[in-house]
Structures are given as C-alpha cells and as structure tokens.
1. Any number yet on Rg/Rh for the stretch 331-463, C-alpha, Kirkwood?
2. How many angstrom lie between the C-alpha centres of the stretch 405-441 and the stretch 235-254?
3. If you average the C-alpha positions of the stretch 155-183 and of the stretch 106-125 separately, how far apart do those two centres end up, in angstrom?
4. Using only the Cα atoms of the stretch 258-391, what do you get for the radius of gyration and for Dmax, in Å?
5. Hey, what did the stretch 362-476 get for relative contact order, percent, Cα under 8 Å, at least 6 apart?
6. Rounded to the nearest 0.05, what FRET efficiency do residue 386 and residue 189 give with R0 = 60 Å and r taken as the Cβ-Cβ distance? Could you check?
7. Taking every alpha carbon pair in the stretch 123-262, what does the distance histogram look like in 5 angstrom bins from 0, in percent?
8. Which order results if 201, 66, 113 are arranged by neighbouring Cβ count within 10 Å, fewest first?
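All of the numbers you see were taken from the coordinates with simple rules; none came from a lab. Since the structure is predicted, the reported quantities are computational estimates derived from the model, not experimental observations. Positions of Cβ are backbone-derived with ideal geometry, glycine not excepted, and every protein chain shown enters the neighbour counts.
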Ligand code: GDP
C-alpha cells in the first residue's frame, strides 16, 4: 500500500496508529482499513478481484473490420440422454473428418473439425465440441468462456421432449446461442417426428416447417440419413451470425480438455478462436505457460499452425489447465511467467481457503486419526484484562498431546482480518464479550471459520477443554 501511494511504510504505520490500528509491516490490512488509510493520503481506492488483475486484456484488443475474415462455426450437441448425441457426433466424425495419413483413425481429443465434401457448401468447415451434453457447456460458461456459436438439440422421434431437452433449450437460449433441432431415430419403427414438432410448439418453440424460426432436420444418426442437410442448416445459421475472426494476429482461444499422456506429457486440446496459433509460440493457459512444441489435429496429423475455429492438441504446457480456461499467446516468456505465477498464487490461496478448517467438533475426529497436535486460537475481548486472563487460562490447557497456541489476541470486535488470519492459520476465533463485525461474520460463513462467543471466562475454558479431550458433542 505504501509503495502504491509512494510514501514510506513508516508513514502508513503511523497514520494507522493515529486511527487506533496497531499494525506491523507484514500485516495484511482489510478492505476497510485500506480505504481509510488511502483517504488519509488523499487517494481513492478501487478494489478489483484478483482474477480480474491477471486477465490478459492488453493483447485481446479489437480487430479492425478490414482484418476480419469469415470463420467456421463452433457447434455443441445437446439433448436428453439416449436421444443420440454421441451417435450423431460419432457419425459425423467418422464420415466427415478428412482422413489423415494415419488411415483415417480419429481420436477423441475433445473437439474436432469437419469439412463438407459435397454440395454447394463443399469446402466449408464446422468445428464440433465433442463432449456431448450441457454439463460441459455450462461448466465452460461458468468459467466465462464463450465458445459455442450454434447448438444442435437432438430429440429422439420415438420419444418426446424430455426434461434434459428442455434444459438444453434453456441453456442455449440463456447464452443467446441459436438452436438447430435434429429429430433423430427416424429409421425406427414407431418414430413420429410430427409429434416432436408438436411437443416443441408446447414449449413455445415453433419449427420452420410449422412457420416458426427454428430450423429442424429429420435425421438418423445410425443410418446416416439427413446428416448432410443438418450440416447445411448449421452453415445457414452460421451465415446469419456473420462469424468472423482475424487470422493474422496473436492467437487467443479456450481450453477444451487437458490430460497427462504417458509418452507425450501434458496434452491440452484448445480451440483457437482468433488469430493463428503456431509451433514455437509462447502459450499461457490458466496458471501454466510454455512454448508450443508440437500440434496435432483430431486425425493425428502434426500441424504447424492452427487458424480461427480450429481445435488442436497442444504439446508443451507443463501442466493441465482446466476446461474453459482462456489461452493467450504472449510476446515473451517473462510476461507469461509473471501472469502464470500470479494465477498460481491466487489458486494456492483459494485452495488453502477451500480446505476444511478446524472446529471444536473436528478436534475429536482429528485426534482419533492422530492428526491433531496444536489448537490455534485467536482471542478477542472487550478489555485487556479479560483477554490476558482468558489467553493465559487457555494456554494452561496444553497437554503433552495437544498444544494450545494463541496466534493473535486483542481488544475490540472480531474483524475481517481476524477471520482471514484464522483462515490461513487454521484457527478458531474466540470472542469474549465481543461480537464479529458484519463483514467478519460473512467471511467466516464463507470460509467456514468457527467463531465462539462467550460472556463467562469459565464457560470458555470448560468448553475448549472438553473439545480438546474430544468430548464435545456435535451440534444438531
Ligand atoms: P446419447 O445418450 O444422447 O449420447 O445417445 P447415444 O448416442 O448413446 O444413443 C442412445 C442409443 O440410441 C444407442 O443405443 C444408439 O445406438 C441408439 N441410436 C442413436 N441414434 C439412433 C438412430 O438414429 N436410430 C436408431 N435406430 N438408434 C439410434
């Protein structure tokens, strides 16, 4: 804070003291304290989240219209279980993926790209995310990734609109992504596509053949009927969206899948969304960075570069980023390392916080498995005398087996920084004749930090002693 304001640390500390905050140089200040101190030095404070800080937005600048070229649509297939999502994805992959030198054997890498090989759309491409279902779609969206341009909702013609069909429609509509309906299994005896159209109309979805705006296509994923027509309709939808990207810029996109391969190390499937990714580029994804050593497409072919809307496996990252993480190509390794380090730090802090914290009831359990030797306590009280008396008594509860450590004590209400300290040190907070502030309470709930409030010292000591002996009965 001092260096941000370009003043000395001593000045900040003495300003804090004047406000009644006794702080040391390596202490974390809470938001309130920062606000007050900054004001004292005539600064305005703007809080941004840690995630925000390490976004790479400098290189994600807008492209000039003249640099933009059409790009292939990226499609996700959703629908009710057993309605044929996987079959449809498999059929398209088997028949449409340009077979490579490996003899046309395609591997699952999380996404693939097809090229139309006949008809008026010959030569046009479509990229498919090949994790069917809306879980992947929602997980990506939850991470802020906008990948899918068009959703194909599969409905089995021998069934009807089902709960997951509705969910798929809702997800797509919420994301503002257009839908093309695939009415599947029309080869089956008893298939009734008309009933599906009627079902959909009851959901306020009017398909084209009923005069509505939603394109639909009858297909059989098993027999390969209507697949070309379905893909034509997807391309028509794509044309309306006027999808464009600039292939001549540093590349950005999204991680689709990542895994550890025995022979090849970490393998990350990414979908290039803008620019062109090249072998040798410095790539940053989540908290990992490295040079792209090699790239492999879904047919197993090594490729040197991947343009917009191309899914590709990347070798060269030292770890597995999460699906939905954004990737960026950086100018220098140093720049990439800086951001990767910051992200790693955030990740570490978050996982420390996510760990289950100690509670009085937990002590018995941890003792039973021999994993409990020290109880960390923070003591806050209304007057100095009682804080000292309570702390002394608690220290005396130490046995050979379990030590009590007072990691912080003080006079005043339980503050945000008390709770944060408890969180990093895995401590419980004891308040004697004081209460937590609203913020402290909120964070304690979030981080699951136990705060115990007492108004009689004797009660506090008894309860902690019982807990240390594993005698405290769990609360209802
Ligand atoms: P998912 O759960 O939506 O991925 O559905 P699957 O693709 O696993 O298909 C469920 C079942 O329906 C499988 O037994 C498929 O063989 C069958 N199936 C899928 N598409 C068709 C089709 O067009 N016609 C017929 N007759 N069966 C199909």
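1. A ratio of 1.09.
2. Taking the Cα centre of each part, the stretch 405-441 and the stretch 235-254 sit 52 Å apart.
3. 23
4. Cα only, the stretch 258-391: 23.4, 75 Å (Rg, Dmax).
5. That works out to 29 percent.
6. 0.15
7. 2, 8, 17, 20, 20, 14, 9, 5, 3, 1, 0
8. The order, fewest Cβ neighbours first, is 66, 201, 113.
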